Amino acid sequence: MPFQIITIPFDPALEVFSEEQVNRFLINKKLLSWQAEFFKQGNKAYWSVFLEYEFLIEKKASPKTKLTEEQQVLYQKLKEWRKEQAEKQGVPVYVIANNQHLEELTVKQPKTLEAFKEIKGLGDKKLKEYGQELISLMVAFNTGDSK
């Protein structure tokens, strides 16, 4: 079983141990077991967390471009979003966006409507219909606010 050890320092400004690093790491993984140890080094406090995990996403959904683990998770989220849109509209998923569009969105991650226009094959109609929603989805994913 793969494992990861993460050391989390105490943030005196916020007066917390931030769980963001652990949450980010576990985004595409199922946690099987964990152990945590508190320790101090000098006058600084830390938690050291041992995480045993397995991957949630199969590596089979490899687009033409090699995607990082995090990009693969975003790619899957975009595919889920596309499926929901297609079901709402009663159309096939490729009418919303094809896999190559989603792959390019995953890699480029446009943050503005202007940048969204640079995605080949997603014209003005799709920009108006889905642009802001997709940008919001990607921004939320990158800030850890995605569901």
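Can you give the Kirkwood hydrodynamic radius of region 3-55 from its Cα pairs, in Å with one decimal? Kirkwood hydrodynamic radius for region 3-55: 11.8 Å. Dipole size of the chain about its Cα centre, with +1 on Lys/Arg Cβ and -1 on Asp/Glu Cβ: approximately 540 debye, rounded to the nearest 20. Comparing Cα centroids, region 112-142 and region 1-47 end up 34 angstrom apart. Across all directions, the average projected area of the convex hull around the alpha carbons of the chain is 11.3 nm². Membrane-span-like helices in the chain, defined purely by DSSP H runs whose alpha carbon atoms cover 15 Å or more axially and whose average Kyte-Doolittle hydropathy reaches 0.0, are 132-143. Cross-link pairs exceeding 27 Å in C-alpha to C-alpha distance, out of Lys30/Lys111; Lys44/Lys108; Lys66/Lys128; Lys30/Lys120; Lys79/Lys111; Lys83/Lys120, comprise Lys30/Lys111; Lys44/Lys108; Lys66/Lys128; Lys30/Lys120. Between Leu14, Leu32, Leu74, the residue with the greatest mean-square fluctuation in the GNM of the chain (Cα pairs under 10 Å linked by springs) is Leu14. Taking the Cα centre of region 91-147 as origin and assigning +1 to Lys and Arg Cβ atoms and -1 to Asp and Glu Cβ atoms, the resulting dipole is close to 60 debye. Helix-only arithmetic for the chain: the sum of -39500 (n - 2.57) across DSSP H runs with n ≥ 4, divided by the residue total, places the mean residue ellipticity at 222 nm at -11000 deg cm²/dmol. Considering only Cα atoms, the convex hull volume of region 69-143 works out to 78 Å³ per residue.
Read the figures in this text as sums done on the coordinates, not as results from a lab. Here the structure is a predicted model, which is why all the values come from computation and not from measurement. Positions of Cβ are backbone-derived with ideal geometry, glycine not excepted, and every protein chain shown enters the neighbour counts.
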